[in-house]
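Input: a single structure, listed below in structure tokens.
Bear in mind these aren't lab numbers, they're just calculated from the coordinates by the rules spelled out. Being a predicted model, the structure only gives us computed values, none of them experimental. Cβ atoms come from the backbone with ideal geometry, glycine included; neighbour counts cover every protein chain shown.
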Amino acid sequence: SIEGEENLRSPICCIMGHVDSGKTKLLDCIRGTNVQEGEAGGITQQIGATYFPAENIRERTRELKADARLKVPGLLVIDTPGHESFTNLRSRGSSLCDLAILVVDIKAGLQPQTIESLNLLRMRNTEFIIALNKVDRLYGWQTCKNAPIVKSLKQQPKDVISEFNVELKKVKNQFQEQGLNTELYYKNKEMGETFSIVPTSAVSGEGVPDLLLLLVQWAQKTMVEKLTYVDEVQCTVLEVKVIEGHGTTIDVVLVNGELHEGDKIVVCGLQGPIVTTIRALLTPHPMKELRVKGTYLHYKEIKAAQGIKITAQGLEHAIAGTALHVVGPDDDLEAIKESVMEDMESVMSRIEKSGEGVYVQASTLGSLEALLEFLKSPAVKIPVSGIGIGPVHKKDIMKAGVMLERKKEYATILAFDVKVTTEARELAEDMGVKIFCADIIYHLFDLFKGYIENIKE
Ligand code: GDP
Ligand code: MG
């Protein structure tokens, strides 16, 4: 659409919240209903993301505000499964996501991962909107499919409204305890100061139009500068994956600029900067052809904002959550190599100089950083002697095993949101290295604390 005179790119949004709060379902709901309306909507499933064009959002929010003026081309929602902490993915030192949806189950209220998500959002200064989900589970709820929430609430019986108000108040109080003012979005007169709540049902779609419109309007109103398209490539590695027939590939989000087949790129690697050449730029087939597994559309060039799979040589040790740089003809390769490693160095600097401490492993550089920050906090104070990113392998056990001779209780791996290979587990058992796994940061602390107390007895 050429509605906007300002050359804005699509805002990038992530969905966070406690497990089972309805993140996946909410995304399905936004996507699904539109798919049924045909391909005209133009929603495309991308690598690690879903793209919702502005026309689609307008269609979806017609009942809410027929004259909605959308200046952004669309909305890119990051949805790679298994990555619950997208705000950890950085791009040029700040969060990859322009804004986030924090999903809260209306009946469960704030849960451990809700609070963890909240803290991550604050740490990265990412703006967010609260989706108070599963309103259809209030007893006696009258379904009003895909309706704006105010319209739906008007049709509810008195009992439902009073239950709604009780639960809403509870959640608002819980947010207050976290130091956050919140308010129903249509009553919120000071967005930015007070966080907006949009009641939703991912099952019947109530409130979903409100959520979409609020996200887009807020982004284009308050983030014009950030959303103005620039030619300079801004690109973040989401995931490093081995794909049959393609070898090791990286899934990236291209935030600004263009990528071309044959571009020389530099990415941050565990063993130093990786300099390579883009062999192929791939995206999945359009929605209806998604069943054609393992095949991708090839591009000669591709423009932001997009989710893309890149194949190239030497990507095995690339680190998720870091920036990808393109080397132009006039660029200084050495300077670029140094700058891609900056993120890594800031993390390395947090490791104990004494060499005594536990070994920590996380899925991305960002989540590793969050974990290190937590372990360093005064209430926790667990020293760290080594770090790793990605699944726990035998080599990590060997590294952690060094502590067996020095301080046995530190011969421990704290694994955050990563898998442990069978061989690694076996070796750990043989050597006497402890592995604690969790996908909530402070559970690792509880596990480790329990272990230490046990040893002392
Ligand atoms: P996630 O872990 O946050 O991605 O949660 P899911 O999207 O997988 O949802 C967890 C469960 O809650 C599933 O059984 C969903 O069908 C259900 N669910 C999600 N949203 C809603 C909702 O709005 N209403 C109701 N009744 N169930 C929901
Ligand atoms: Mg999910």
Completion exercise
The convex hull of the Cα atoms of the range 269-421, divided by residue count, gives a volume in Å³ per residue of 163 Å³
Exercise for the section: Report the trypsin sites (Lys or Arg not before Pro) located in the range 144-249 that are in a DSSP loop and have at most 15 other Cβ atoms inside 10 Å of their Cβ, or state none. Expected result: LYS145, LYS189
Handout entry: Using a Förster distance of 22 Å, the FRET efficiency for LYS226-GLU59 (Cβ separation, nearest 0.05)
Key = 0.25
Fill in the blank from the handout: Taking only C-alpha positions in the chain, Rg and Dmax in angstrom work out to 23.1, 70
Practice task
List the lysines whose Cα lies under 19 Å from the Cα of LYS226, skipping any in the same chain that are fewer than 8 positions away.
Solution key: LYS71, LYS303
Problem - the chain, helix-only ellipticity at 222 nm - DSSP H runs n ≥ 4, -39,500 (n - 2.57), divided by all residues, nearest 500 - result: -9000 deg cm²/dmol
Practice task
Mind listing the lone cysteines of the chain, meaning no other Cys beta-carbon sits under 4.7 Å from theirs?
Solution key: CYS13, CYS29, CYS144, CYS235, CYS268, CYS437
Practice task
Considering only DSSP beta bridges where both residues belong to the chain, give the percentage that are antiparallel (nearest 5).
Solution key: 55 percent
Problem - Kirkwood hydrodynamic radius of the range 176-321, Cα pairs, Å - result: 18.3 Å
Practice task
Run through every distinct alpha carbon pair of the range 127-255 and return the Kirkwood hydrodynamic radius in angstroms, one decimal place.
Solution key: 17.4 Å
Problem - Full-stretch length increase - LYS394, VAL166 - with 0.36 nm per residue and alpha-carbon distance subtracted - result: 76.9 nm
Handout entry: Phi to ³J(HN,Hα) by Karplus 6.51 cos²θ - 1.76 cosθ + 1.60 over the range 224-240, Hz, x for Gly, Pro
Key = 3, 5, 5, 8, 6, 5, 10, 6, 4, 5, 10, 8, 10, 7, 8, 8, 10
Fill in the blank from the handout: Extend 7 Å from the Cα of LYS154 along its Cα-to-C-beta direction; within the range 211-226, residues with backbone N under 18 Å of that point are 211
Problem - Principal semi-axes in Å for the range 185-258 [√(5λ), Cα gyration tensor, largest first] - result: 34, 21, 10
Problem - Where a label projected 7 Å from the Cα of LEU270 along Cα→Cβ would reach, residues of the range 218-262 with amide N under 14 Å - result: 240-242
Exercise for the section: Quick one: which residues, 5+ away or cross-chain, put their amide H under 5 Å from the amide H of THR277? H built at 1.01 Å from N. Expected result: ILE265, GLN313
Practice task
Binning at 5 Å from 0, report for the range 150-204 what percent of all alpha-carbon pair distances ends up in each bin.
Solution key: 4, 17, 23, 26, 18, 9, 2
